[in-house]
Structures are given as structure tokens and as C-alpha cells.
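Structure, as C-alpha cells:
The values are calculated or read from the model by the stated rules, or taken from the named source; none is laboratory data. Values in this document were obtained by computation on a predicted structure and should not be read as measured data. Cβ atoms come from the backbone with ideal geometry, glycine included; neighbour counts cover every protein chain shown. Quick note on the areas: whole protein, heavy atoms, side chains included, nothing else; ligands and nucleic acids left out. Shrake-Rupley method; radii C 1.70, N 1.55, O 1.52, S 1.80 Å.
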Amino acid sequence: MKEKKIIIFIYPAAFAVPFFIMLIAFVLLKIYPFGDRQILVVDAWNQYYPFLVELHRKLRNGESLLYCWRLGMGSDFASLTAYYLTSPLNVLIAFFPAEMLREVYTLFTLTKIGFAGSFSAFALNKMNGRTHCFVIIFSTFYALCGWVTGYYWNIMWLDTFAVFPLVAAGIFLLVKEKKYKLYTLSLATAIFMNYYIGLIICIFTVVFFFVQCAVQKNGKKTLWDNFRNITLFSAISVMISSIVTLPAFVGLQNA
């Protein structure tokens, strides 16, 4: 019962701490809507935000998500969506008026950073084997690491960054306890939400798998069994995410 109470406290706290630290930073730096500065810089202004506006229009008007005549002289919207717009949060923009999309962009950025903290806390507890409230500190370190402070305006990368700790925890559980569900679903989700960062996570998976096998002191048979398992479930993850990656691949071939 005591552990359940700790869990109820830890994960919301691990979400809230980086969320509000970043929010306070935005307020102090006078980032819109708290001032005249904004996070819509470089490609965020020229690409990410216009694509989000177009998705908002399509969702509100019930238009096709496969093609768009408003971008350039016509564009394959499915492959564009696969890279820029597959965040589950983007579905929620349909409930906001168009004039609030800049505020929504900022809110989504903060929310994804918050989820990075919460998922990191979950992963640390899983790999530690017990629930401890100190993980809030270390999960905040992850959620607000140098990569985030440098690239937070690349909003389409933040979802996969948030899910990344779950992939690491999934590998740990697969090697140590032969549990495969967390790894399979988290890796599929990571690739689905952004295949570019998802590819980098796949490279990490290979390295971290062998590190875990060494740490767990796998013998030849156990190492082979674990290698077979991670290969199988990695393939399943890739197949699940192919609902997004295949249209993107076809679209890029025809570009």
C-alpha cells in the first residue's frame, strides 16, 4: 500500500517538475505568450508551425490527410505527416481555435518535456528494482538535459525523446526477466512518432543490449536466447511502425 502511494506521487511529480521549470524559464525569458519572444525560430517558423496549421485545418474541416494542395504547388501530406506530425498530442489541436495554435505549440513543448521526466522516472524505477522518490531528481536531469535546451524547438523530436527511457527499460527487462511487451511497444511507438530519432534509438538498442548482456553475465546459451528474442521483437516493432514508415518511404522515393 505504501509503495502504491509513492508511485501515485512520483510519476506526476516527475512530470510536473521539468514542466514547471521550463515554464518558469519561458516566463523569465519572456517567451510567447509571456512576452514578445517566441520558440518558433528557424525551421519551427518555416516548417513545423505551418504544417501544424495545415493539420489543424484538415482535422477541423474533415479534409484528406493524404495530399495537400496548399503546401507548395501540391504535396504528399502522408509522408510529411510521418516525419513532422505523428505526435499523439497533435490530435488535440482540433479542439483549439486557429488563433490559439501558437499557445498550443508552447503547451505541447512543455508537455512533452514533462512526459520525458515521468517516463524517465518509470524507467529508473524498473531498472532499479524498487520504487524510490529520488528518481524525480534524476528524471528531471534527463528531461532538461543539454539536448533538450538546444533542440526543444524541434517539437517533432520530443515525443521520441520522451519515450526513449521506456525503450531502455524494455531492453533491461527483456534481458533480465524475458519480458518483451514494454520493449516491443515502446520501440514501435518511438519509431512511429519520429522515424529519424527512432533510427538513432535503434542504434542505441544494439549497443545497450550487448551492454546489458555483459552486465547480467549471460552465458552463450542465454546470450543466444536473448539475441533471438530482441531480434524477433525488434522486427515486430518495426512492422507495427510501418503503418507510418512505409508511406514515408514511398513518398520520399517519388519526391
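Just one of the numbered conditions (1) touching a residue at least 24 places away in the same chain (Cβ under 8 Å); (2) open to solvent by 40 Å² or more (accessible area, probe 1.4 Å); (3) more than 30 Å from PRO50 (Cβ to Cβ); (4) part of a helix (DSSP H, G or I) is not true of CYS133: (4).
Check segment 4-23 and report whether any residue there is open to solvent by 70 Å² or more (accessible area, probe 1.4 Å), in contact with a strand residue (DSSP E or B) (Cβ under 8 Å, 6 or more places away or on another chain) and modelled with pLDDT under 85. No, segment 4-23 has no match at all.
Pairing residues of segment 30-45 that are in contact (Cβ under 8 Å) with a residue 12 or more places away in the chain and under 12 Å from THR106 (Cβ atoms) with residues that are of a type in the set (S, T, N, Q) and surrounded by 15 or more Cβ atoms within 10 Å (Cβ to Cβ), at Cβ distances under 6 Å and at least 6 apart in sequence or on separate chains, gives TYR32/GLN38.
Every residue in segment 180-214 that is in a helix (DSSP H, G or I) and touching a residue at least 60 places away in the same chain (Cβ under 8 Å), please. PHE192, MET193, TYR195, TYR196 - these are the residues of segment 180-214 that are in a helix (DSSP H, G or I) and touching a residue at least 60 places away in the same chain (Cβ under 8 Å).
Those residues that are surrounded by fewer than 19 Cβ atoms within 10 Å (Cβ to Cβ) and either part of a helix (DSSP H, G or I) or under 12 Å from the mean Cα position of the chain (by Cα) (or both), I need them from segment 136-153; list them, please. Hits for segment 136-153 are ILE137, PHE138, PHE141, GLY146, TRP147, THR149, GLY150, TYR151.
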